[in-house]
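Report on one structure; see the data block that follows.
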């Protein structure tokens, strides 16, 4: 019996040492901050926390900061990426961009984000903010915004919708091992990708067609848009909804169905719908990526989006 226990302990110690060695190797190999999956893991562990609202799921940690994918990201006291907003000056106009990691400006410096570009255009008399938090569907995006709505009382809300708007995802907190081990988190990510993703653009198109055609995710998205409409009626702000194109390829663009559906949902609620795709199609899709392995929009893409938005913001700028 003692020999058996001794042998078992040796095996367990060996496995533990091997795991520690693998963890150390993964951390060294990804220290350049160029591994997208690990950088998203670091974002989740360094800048996010569980939200008290289970519908929101996760939120930014106020006052937190980190270098992610080689870019400094700072969260202000309200839990938003960007500078501290001025909410006290009487009569100051306010514009809020709501969305996911695109609205947050993942992968680029703060000065290049859509928030910063719009703020630069509108000038110091207009406060521009973003409630964007990575890895949110439309249900979470709207629920997150509604926590700020009564405090901010904006003139305009810009909704940045993406192809993942009707995605169904768990809001449960990740386990201890996922939150503390890069190696294990990477393994879990690879398994999830292998189980749920169909390779190639055909698989991507099929997946989104299923997601947007109906089911609980689509129902939840429509209900979230209804809640936003109700909040708009309560506080009297204007809504501009921009459908950010699925970024993998623009020629040919095979995700027009997402734009058509979102345009119909937007116009049904009396909102202004904006589609930057025709302008973005002037250049290859990959020219708008933050990196070869990361299709999030770069500063060039946000400049195109800002130019589409500007005519609809001139009334604020001129006041």
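Each reported figure results from applying straightforward, stated rules to the coordinates on display, with no laboratory input. Since the structure is predicted, the reported quantities are computational estimates derived from the model, not experimental observations. Glycine gets a Cβ as well: all are built from the backbone with ideal geometry, and neighbour counts include every protein chain shown.
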**Request:** Could you rank the peptides 282-288, 258-264, 113-119 by their average count of other C-beta atoms within 10 Å per residue, with the highest value first?
**Result:** 113-119, 258-264, 282-288
**Asked** Okay, which of segment 114-139 sit inside 20 Å, backbone N to the point 7 Å along the Cα-Cβ direction of residue 150?
**Response** 131
**Request:** Take the alpha carbon gyration tensor of segment 52-100, find the square roots of its eigenvalues, order them as a ≥ b ≥ c, and report rounded if a/c is under 1.5; if not, report prolate when a/b exceeds b/c, else oblate.
**Result:** oblate
**Complete:** A chain fully extended from residue 37 to residue 267 at 0.36 nm per residue, minus the present Cα-Cα distance, gains in nm 79.2 nm
**Message:** Please report the antiparallel percentage of the DSSP beta bridges confined to segment 92-317, to the nearest 5.
**Reply:** 10 percent
**Asked** Shape call for segment 92-317 from the C-alpha gyration tensor, a ≥ b ≥ c root eigenvalues: rounded (a/c under 1.5), prolate (a/b greater than b/c) or oblate?
**Response** rounded
**Estimated inter-spin distance, residue 315 and residue 53, nm [label 7 Å along Cα→Cβ]** = 2.7 nm
**Cα gyration tensor shape for segment 217-319, rounded if a/c is under 1.5, else prolate or oblate** = oblate
